[in-house]
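The values are calculated or read from the model by the stated rules, or taken from the named source; none is laboratory data. Just so you know, these numbers come straight off a predicted model, no measurement behind them. No Cβ is skipped: glycine too gets one built from the backbone with ideal geometry, and neighbour counts run over all protein chains shown. We work out accessible area using only protein heavy atoms, side chains counted, and drop any ligands, DNA or RNA first. Shrake-Rupley method; radii C 1.70, N 1.55, O 1.52, S 1.80 Å.
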Amino acid sequence: MKSKLLIAGFIALATTAMLKATPNPQLNYHVDRFADIEVLRYDVPGFDRLSLNQKKLVYYLTQAALQGRDILTDQNCRYNLAVRQTLEAIYTNYTGARTDDNYKGFELYLKQVWFANGIHHHYGNDKFVPTFSQQWFDSQVRALGAAKLPLAQGETLDSFLATMDKVIFDPTFMAKKVEQGEGKDLVATSAVNFYEGVTQKEVEDYYASIKVPGDPTPISYGLNSKVVKRDGKVVELPYKVGGLYSDAILNILYWLSKAKEVAENAEQASTINRLTEYYASGNLRVFDQYSITWARDTESRVDFINGFIEDYNDPLGMKGSWESIVNFKNEEASHRTEVISQNAQWFEDHSPIDDRFRKPQVKGVSAKVITACILAGDSYPSTPIGINLPNADWIRAAYGSKSVTLENITEAYDIASHGNGFNEEFVIDEPTRELLEKYLFITDNMHTDLHECLGHASGQLLPGVDLSVMKSYGSCLEETRADLFALYYLADPKLIELGLLDNPDAYKAEYYKYMLNGLMTQLMRIELGKDLEEAHMRNRQLIAGWCLDHGRADNVVELIKRDGKTYVKINDYQKLRGLFGTLLAEIQRIKSEGDYNACAALIEKYAVKIDPVLHKEVLDRYAKLNIAPYKGFVNPTYVPVTDAAGNIIDVTITNNEGYAEQMLRYSRDYSPLTHPISK
Ligand code: ZN
């Protein structure tokens, strides 16, 4: 499970050293700006202090990470790779005027496709609308000729072009990456490439037929496969060596084998072994063994994820999108998360939920602050800021989970947003702005720590409850639960007692921001007239809207108008904390009992619909600030330094690559799944 960035705008540079994000003067954090996107750069402080072996390990793992890019692109939609190759062929062969409107529209579209790893918005899920003409596109494609295009075997240029036209220009064809609308066939109406030629009912019947009832250690059904029909029967095509994505997986395995040679310890080597075995066989029991071994390895400095992990892109919440993040532990900052995880049982015991839903023993919640070295697959260029894995509930209960906060990423966001005018526009008054400047960076990071390390790991299901009944509501429910857990405890005096915060009012910074974001400012990411779809956005509006509603009698929170502008005003922070606790108890009950009806009712009431008047106001005020609602990153490049005999004697970092430059290099050097075409 991932935490995504709450908000793109706050300035939050605190005054004390412990709380501060320090810019690297050598680094230009701003890389590119287009559509609703800003591309940034992140620093990798401390890499040069790793041992040679650790540097080699990072290098090999980053290579393994980059080899999976095509997998994710293909998972997002089965036309994506052909579209990307075609666009890149036009881009690199174009000789016309670069000031031409069609060319500029085309370049924008390509940048969007790169960013989203496909033709649908990475967050909003809608298909991009091209602002260049189909006629211009057709003439460019014809000018390239068949040899420079990714035609399938035996395909004519005409039929290839007809397909591309439909995929790019027909707004009704594959209009949505992930459909979540109530009452629709979520499989048939979603463009994701996890299913082909099957209905939602056929998929659900198929999985119901293979699930073992009452299995206390169920595999993650359907995590690593595509579901299709063969001879009238529903079958799974696994992602594995010799199966789907074999060529990419073989390249990943090559680099994993190099990584294993320089593993830091036996535990880590055995984690890599298990992962290798799983990629080779596609066996989900082996994936569980890998997950357990991985969760137990808390000693290694360098760590990574690489595989089919999160299921947010599947409307049925089963299929894992491919991703990889390589990182090493930030020893200093990890003190904070270590203190939190050492006290996990205290937090579990005191959480405001029914005793039946409480874990009698919280197992091994390990938490650390990490420095990300590479972002790949579903975590690139848009990235989470916190991750908690493994996802399987029974593994978490029996073996614990690993939770990380990506602090060099949150620092980059923070540094890049300095001085953008957001707080002045949306925060109600100067004292609140001062509070945010002083305490938001630390309380926001701590919110992520608590969400990942304790929130997701907390609570238990009643015996026999199968969460797959929650369907498309499952992710939102889980994120709501983890957020509420974090919010509730941010205001707890325990954090002062543990020395994690030095001011009993610090939590108010995060409370204010959370309510402002959930009630108003996150709407800047949504087009007027649309509903909320993404699980994290839904969960934030659910929490904020529910508290606004249920706090009305006591006037806990209100939306006030001043000079025609709406502001969030929090009148009673302690009562707001009480509301977070009450809602947490209810959300935990819903999860523990598997109460689908209550879950659907809450989400449909608070998390989906948007007030159109307020929405328009937010968009208008936001537009004046010219802040990109979404941000993502280019990666640094790791360069091995070799001696005369070819041995790696050091690994250095370069960190000045442009956005298009990096995307084209990745397409050239890390594209095992695309058809080779002549240059
Ligand atoms: Zn989460």
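Within a Cβ distance under 15 Å of ILE496, other residues only, what is the Lys/Arg minus Asp/Glu net charge? Here the count lands on -1.
Would you mind classifying the stretch 81-152 by shape? Square roots of the alpha carbon gyration tensor eigenvalues, ordered a ≥ b ≥ c; an a/c under 1.5 is rounded, otherwise it is prolate if a/b is larger than b/c and oblate if not. Oblate, because a/c is 1.5 or more while a/b does not exceed b/c. The charge dipole of the stretch 78-176, taken about its Cα centre with unit charges on the Cβ of Lys, Arg, Asp and Glu (plus for the first two, minus for the last two), comes to roughly 240 debye.
Here each label is just a point 7 Å from Cα along the line to Cβ, and for ASN597 and ARG49 those points are 5.8 nm apart.
Let's test the formula: R0 of 35 Å, r as the Cβ-Cβ distance of LYS229 and ALA398. What FRET efficiency results, to the nearest 0.05? Rounded to the nearest 0.05, the efficiency is 0.45. First check a/c for the chain, with a ≥ b ≥ c the square roots of the eigenvalues of its C-alpha gyration tensor; if it is under 1.5, answer rounded, and if not, answer prolate when a/b is larger than b/c or oblate otherwise. Here the chain falls in the rounded category.
Excluding ligands, DNA and RNA, the accessible surface per residue across the chain is 37 Å² with a 1.4 Å probe.
Dividing the mean sequence gap of close Cα pairs (under 8 Å, 6+ apart) by how many residues the chain holds gives a relative contact order of 21 percent.
Here GLN345 and ILE210 are evaluated by their C-beta separation; at R0 = 45 Å the FRET efficiency comes out at 0.75.
Highest mean first, the peptides 523-529, 271-277 sorted by other C-beta atoms within 10 Å per residue fall in the order 271-277, 523-529. Projected label points at ILE496 and ARG665, each 7 Å from Cα along the beta carbon direction, are separated by 5.0 nanometres.
Taking amide H atoms as placed 1.01 Å from N in the peptide plane, the amide H of ALA367 lies under 5 Å from those of SER403, each 5 or more residues away in sequence or on another chain. Once you reduce the stretch 605-655 and the stretch 227-273 to the center of their Cα atoms, the two points are 28 Å from each other. Whole-percent P(r), the stretch 521-612, all Cα pairs, 5 Å bins from 0: 3, 12, 20, 22, 21, 14, 6, 1, 1, 0. A dipole drawn for the stretch 78-176 from +1 and -1 charges on Cβ atoms has a positive end, and of GLY124, GLN140, TYR79 the residue lying farthest that way is GLY124. Note on the stretch 78-176: with neighbouring protein chains present and a 1.4 Å probe, carbon and sulfur make up 50 percent of its accessible heavy-atom surface. By the rule of a C-alpha distance below 19 Å, with chain neighbours fewer than 8 residues away ignored, the lysines paired with LYS166 are LYS127, LYS176, LYS177. Measuring between alpha carbons in the structure, the pairs from LYS530/LYS609; LYS605/LYS631; LYS319/LYS471 lying more than 18 angstrom apart are LYS605/LYS631. The separation of the stretch 347-393 from the stretch 122-180, counted between C-alpha centres, amounts to 39 Å. Summing +1 for each Lys or Arg and -1 for each Asp or Glu, what net charge is found among the other residues whose Cβ lies under 11 Å from the Cβ of GLU182? Combined, the nearby Lys, Arg, Asp and Glu give -1. With contacts taken as Cα pairs under 8 Å and at least 6 residues apart, the stretch 541-596 reaches a relative contact order of 27 percent. If you take all other residues with their beta carbon under 13 Å from the beta carbon of GLU204, and give Lys and Arg +1 and Asp and Glu -1, the sum is -2. For the stretch 78-176, the relative contact order comes to 31 percent (Cα pairs under 8 Å, sequence separation of at least 6).
Rounded to 0.05, the FRET efficiency of the THR217 and ALA280 pair, given R0 = 22 Å and the Cβ-Cβ distance, is 0.50. Considering only beta bridges that DSSP places wholly inside the chain, some 75 percent are antiparallel.
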